[in-house]
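We did not get these values from a lab; they are worked out from the coordinates using the rules stated. A quick note: this is a predicted structure, and the numbers were derived from the prediction, not measured. For neighbour counting, all protein chains shown are included, and Cβ atoms are generated from backbone atoms with ideal geometry for every residue, glycine included.
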Amino acid sequence: MNPAVKEISGPGIALNSFEPTVAVMYFGQKNGIEASLFGGLTINQKNPDTHYKSGSQFHIDGTLAQHFPFAGGVASAGVTGYYYRQVTW
C-alpha cells in the first residue's frame, strides 16, 4: 500500500476469510432449557496489502441456559464458554 495515498479507514482487515460452520441446538419448550454448540474453522487468505497470510483458527462455542417464562421466554441465565486454537501457522 502506498503511504502517500489517503484512504478512509475501515473496521476490518484487508483480507478475505472463509468459515465453514456446524451448529446444533436443543430447546425444551416445556422446561425452557437451551443447550447449543457452534463450531467453525476460519480459513484466512493472504492480505494483499502486506503479503502476509494469517493462520487458520478452529473454535467451538457452547451455551447451557435456562429461559424464563416472562418477556416471552427471551430472558435467560446460564453459562457460555468457548475453545479456540490456531491450527496453522
Pick out which of Asn31, Asn16, Asn47 has the largest mean-square fluctuation in a Gaussian network model of the chain, springs linking Cα atoms closer than 10 Å. Asn31
Counting only backbone N atoms under 16 Å from a point 7 Å out along Cα-to-Cβ of Gln66, the residues of segment 13-40 in range are 28-35
Per residue of segment 35-44, in order, report the coupling 6.51 cos²θ - 1.76 cosθ + 1.60 (Karplus, θ = phi - 60°) as ³J(HN,Hα) in whole Hz, putting x for Gly and Pro. 9, 9, 10, 9, x, x, 10, 8, 10, 8
Counting other beta carbons within 10 Å of each residue's own, what order do Ser54, Ser76 fall into, fewest first? Ser76, Ser54
Evaluate the distance, in nm, between pseudo-label points positioned 7 Å from the Cα of Thr21 and of Ala35 along their respective Cα→Cβ axes. 2.1 nm
Taking θ = phi - 60°, what integer Hz values does the Karplus form 6.51 cos²θ - 1.76 cosθ + 1.60 yield along segment 68-77, in sequence order, with x for Gly and Pro? 9, x, 7, 6, x, x, 6, 6, 8, 9
Counting every C-alpha pair in the chain, the percent lying more than 23 Å apart is 50 percent
Which residues make up the longest stretch of the chain clear of trypsin sites (Lys or Arg not before Pro) that lie in a DSSP loop with no more than 15 other Cβ atoms within 10 Å, not counting the sites? 31-89
Would you mind telling me which residue in Gln66, Gln29, Gln45 has the biggest mean-square fluctuation in a Gaussian network model of the chain, where springs connect alpha carbons within a distance under 10 angstrom? Gln29
Go through Asn47, Asn31, Ala75 and say which Cα lies farthest out towards the positive end of the charge dipole of the chain; charges sit on Cβ, +1 for Lys and Arg, -1 for Asp and Glu. Asn47
Long-range HN-HN contacts of Lys53 with modeled amide H, under 5 Å: Asn47
For the chain, what is the relative contact order in percent, using Cα pairs closer than 8 Å and at least 6 residues apart in sequence? 24 percent
Only four residue types carry charge here, +1 at the Cβ of Lys and Arg and -1 at the Cβ of Asp and Glu. Report the dipole size of the chain about the Cα centre in Debye, rounded to the nearest 20. 100 debye
